[in-house]
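These notes are about the structure you will find just below.
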Amino acid sequence: MITVNNVGLRYGDRKLFEDVNIKFTPGNCYGLIGANGAGKSTFLKILSGEIEPQAGNVALTPGERLAVLKQNHFEYEDVEAIKVVIMGHSRLYEIMQEKDAIYMKADFSDEDGMRAAELEGEFAELNGWEADSEASILLKGLGIGEELHNKKMADLDGSEKVKVLLAQALFGKPDVLLLDEPTNHLDIKAIQWLEEFLINFENTVIVVSHDRHFLNKVCTHIADLDFGKIQIYVGNYDFWYESSQLATRMAQDANRKKEEKIKELQAFIARFSANASKSKQATSRKKLLDKISLDDIRPSSRRYPYVNFTIDREIGNDLLRVEGLSKTIDGEKVLDNISFVMNKDDKIALVGKNELAKTTLFKILMGEMEPDSGSFKWGITTSQAYFPKDNSKYFEGNDSSLVDWLRQFSPKDDSESFLRGFLGRMLFSGDEVLKKPSVLSGGEKVRCMLSRMMLSGSNVLLLDEPTNHLDLESITALNNGLINFKGSIIFSSHDHQFVETIANRILEITPSGLVDKQMTYDEYLDNQEIQQQVAQMY
């Protein structure tokens with residue numbers, strides 16, 4: 001268990017935390033959420049001891065071990081991957097190093113023998129004989145093959161290094177596990193494996209993530225960082241979101257009878273209690289949910305942008321025809337004879353391990369890159385708006401204001417009042433609309449690019465990883481905006497819930513060709529799993 005007592009921290013005049021008092025208890029997974037800049041990663045560093053709070057303290061139960069997902073991917077370049085994993089249990093690794101040094105001595109003394117015996121006893125107590133096999137299981141679970149286990153970290157690529165550091169944090173069954181964005185750079189299979197690992201993990205987990213599906217799968221509680229405080233809610237992210245929205249509606253509509261709101265809350269809790277049946281903590285969570293009262297839920301200070309794509313022209317049946325597209329980049333064939341027809345009402349998710357292949361297809365379809373062979377044709381009723389993964393060229397060297405930047409993309413109304421109002425809905429208020437585009441943060445640039453797309457009135461949207469750099473609030477707003485969009489979409493994203501709730505068709509670009517399925521993302525993943533199970537039977 002880890003206990004936070006009256007913790008406070010300020011940076012200059014800015015208050016991050018004040019009088020934070022929490023107990024994180026075993027058997028629970030806490031999703032730490034908060035707006036960008038609220039201090040989530042800083043709070044994890046306080047829990048780990050990397051940063052000292054200015055007030056209060058953090059106490060770990062004596063004898064317990066805390067593990068942290070490290071962010072420096074180049075820290076262990078000269079160390080073998082499997083050793084890096086075992087280093088996650090520092091005391092065990094120290095014993096292994098000292099033992100090896102003693103046994104390598106040419107003049108092995110009686111004193112050395114006594115010390116070796118002591119170390120062997122502690123080694124056995126810490127389950128040292130299983131260390132190599134446990135480390136290997138973790139690596140293989142995350143998709144690192146045995147052939148890489150004894151390679152140095154310098155020989156691994158970026159995503160492989162991320163997985164090794166994640167295995168390091170999970171190694172040795174730590175009593176408290178701190179994970180900051182653990183799903184970043186993980187493929188879908190590795191994420192699914194991690195979800196199962198954490199669902200079955202019996203100790204304390206505190207995780208920061210922008211992946212709502214991941215938070216919904218693994219979290220038993222949400223720790224909401226808001227107003228400089230942290231409040232614990234029972235349930236997963238969806239439960240927190242719906243309950244906070246309900247609390248906001250209640251605060252905005254004070255004239256409505258409280259009894260009616262209580263009934264609405266009770267019905268809502270009952271629905272979520274039923275949905276919790278898949279979790280190992282279902283019974284205890286249901287009891288806790290049943291005890292929630294109206295006063296337990298507080299309106300959030302979160303601000304959600306207004307994302308709404310409208311179309312200027314109804315789309316016809318002839319949208320897009322792609323025939324035999326191929327493209328080689330730097331000697332790698334990223335697209336090989338890609339053919340498909342896009343139909344009216346299609347919301348297509350491009351999936352697959354090769355990120356370059358997806359981005360290349362987007363660029364070809366938008367005329368930014370020529371294919372080596374093949375062709376494509378857009379229907380005459382279509383108009384396209386494009387969100388590129390790299391948006392830097394739209395902002396570099398631009399010294400105008402945001403109002404002037406957006407004006408160039410507003411064909412219908414370029415008045416100051418309209419543009420300021422539009423930017424306000426996208427969370428740029430007051431003097432923020434006078435910012436220079438070149439100094440915007442990653443998330444602000446994404447909101448600007450989405451604004452550009454909304455002003456176009458296009459009936460076909462192409463989006464290459466639009467959730468990158470966005471906070472949970474903006475992801476939720478964009479997600480809802482695309483669900484409600486009346487046109488057609490081709491998009492790519494690593495956000496599971498984003499893909500599942502928007503796409504009705506899946507295109508996977510594989511080395512052996514294009515897999516085209518008219519189904520949801522979850523159905524596609526289930527179908528893949530069934531196919532793999534059948535293949536293993538023969």
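In region 458-502, what residues are part of a helix (DSSP H, G or I), open to solvent by less than 20 Å² (accessible area, probe 1.4 Å) and farther than 27 Å from K40 by Cα?
Across region 458-502, the qualifying residues are L482, I502.
Is it the case, given these coordinates, that L126 is open to solvent by less than 40 Å² (accessible area, probe 1.4 Å) and in contact with a helix residue (DSSP H, G or I) (Cβ under 9 Å, 6 or more places away or on another chain)?
No.
Pull out all pairs, ordered by first then second residue, where Cβ-Cβ is under 8 Å, the residues are six or more apart or on different chains, the first lies in region 122-148 and is without any contact (Cβ under 8 Å) to a residue 12 or more places away in the chain, and the second is among the small types (G, A, S).
Every condition considered, the pairs that remain are E146/S136.
So that you can scan it fast, the table gives a plain yes or no per residue for (1) surrounded by 19 or more Cβ atoms within 10 Å (Cβ to Cβ); (2) under 18 Å from H494 (Cα atoms); (3) small (G, A, S):
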{"position": "L138", "(1), (2), (3)": "yes, no, no"}
{"position": "E146", "(1), (2), (3)": "no, no, no"}
{"position": "L156", "(1), (2), (3)": "yes, no, no"}
{"position": "V162", "(1), (2), (3)": "yes, yes, no"}
{"position": "G172", "(1), (2), (3)": "yes, no, yes"}
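For a quick check of your reading of the model, give me the residue pairs whose first member lies in region 48-70 and is under 20 Å from D19 (Cβ atoms), whose second is open to solvent by 50 Å² or more (accessible area, probe 1.4 Å) and outside any strand (DSSP E or B), with beta-carbon atoms closer than 7 Å and at least 6 apart or on different chains.
I51/K45
Can R115 be described as part of a helix (DSSP H, G or I) and farther than 22 Å from K173 by Cβ?
yes
List every residue pair whose Cβ atoms lie under 8 Å apart, where the two residues are 6 or more positions apart in sequence or sit on different chains, the first residue falls within region 432-457 and is open to solvent by 40 Å² or more (accessible area, probe 1.4 Å), and the second residue, located anywhere, is β-branched (V, I, T) and at pLDDT 90 or above.
Taking only residues 6 or more apart or on different chains, the pairs are L434/V403.
All but one of (1) of a type in the set (D, E); (2) in contact (Cβ under 8 Å) with a residue 12 or more places away in the chain; (3) open to solvent by 20 Å² or more (accessible area, probe 1.4 Å) hold for E370, so report the exception by its number.
Failing condition for E370: (2).
What is the number of the single condition among (1) loosely packed, with under 12 Cβ neighbours inside 10 Å; (2) in contact with a Lys or Arg (Cβ under 7 Å, 6 or more places away or on another chain); (3) part of a helix (DSSP H, G or I) that K393 does not meet?
Among (1) loosely packed, with under 12 Cβ neighbours inside 10 Å; (2) in contact with a Lys or Arg (Cβ under 7 Å, 6 or more places away or on another chain); (3) part of a helix (DSSP H, G or I), K393 violates only (2).
So the check is Cβ under 9 Å with 6+ separation or different chains; which pairs have a first residue in region 89-100 that's open to solvent by less than 20 Å² (accessible area, probe 1.4 Å) and a second one that's of a type in the set (V, I, T) and part of a helix (DSSP H, G or I)?
Close Cβ pairs satisfying both conditions: L92/I86.
So which residues in region 473-529 are among the β-branched types (V, I, T) and over 20 Å from K189 (Cα atoms), if there are any at all?
I475, T476, I483, I489, I490, I502
Here's a check for you: in region 517-538, which residue that is open to solvent by 70 Å² or more (accessible area, probe 1.4 Å) and at pLDDT 90 or above is farthest from W193 (Cα to Cα)?
Of everything passing the filter in region 517-538, Q518 is farthest from W193 (Cα to Cα).
Go through region 43-75 and report how many residues are open to solvent by less than 30 Å² (accessible area, probe 1.4 Å) and more than 16 Å from N5 (Cα to Cα).
2
Residues I348, I380, I329, I364: which one is open to solvent by 70 Å² or more (accessible area, probe 1.4 Å) and of a type in the set (A, V, I, L, M, F, W, C)?
Numbers: I348 fails: open to solvent by 70 Å² or more (accessible area, probe 1.4 Å); I329 fails: open to solvent by 70 Å² or more (accessible area, probe 1.4 Å); I364 fails: open to solvent by 70 Å² or more (accessible area, probe 1.4 Å).
Exactly one residue qualifies, and that residue is I380.
For region 1-49, which positions are part of a strand (DSSP E or B) and either basic (K, R) or under 18 Å from the mean Cα position of the chain (by Cα) (or both)?
If the condition is that a residue be part of a strand (DSSP E or B) and either basic (K, R) or under 18 Å from the mean Cα position of the chain (by Cα) (or both), then R10, R14, K15, K23, C29, Y30, G31, L32, I33 are the ones that fit.
The values are calculated or read from the model by the stated rules, or taken from the named source; none is laboratory data. Bear in mind that the values here come from a model prediction, so they are computed numbers and not experimental data. FYI the Cβ positions are ideal-geometry reconstructions off the backbone, even for glycines, and counts take in every protein chain you see. These area figures cover heavy atoms from the full protein model, side chains too; ligands, DNA and RNA do not enter into them. Shrake-Rupley method; radii C 1.70, N 1.55, O 1.52, S 1.80 Å.
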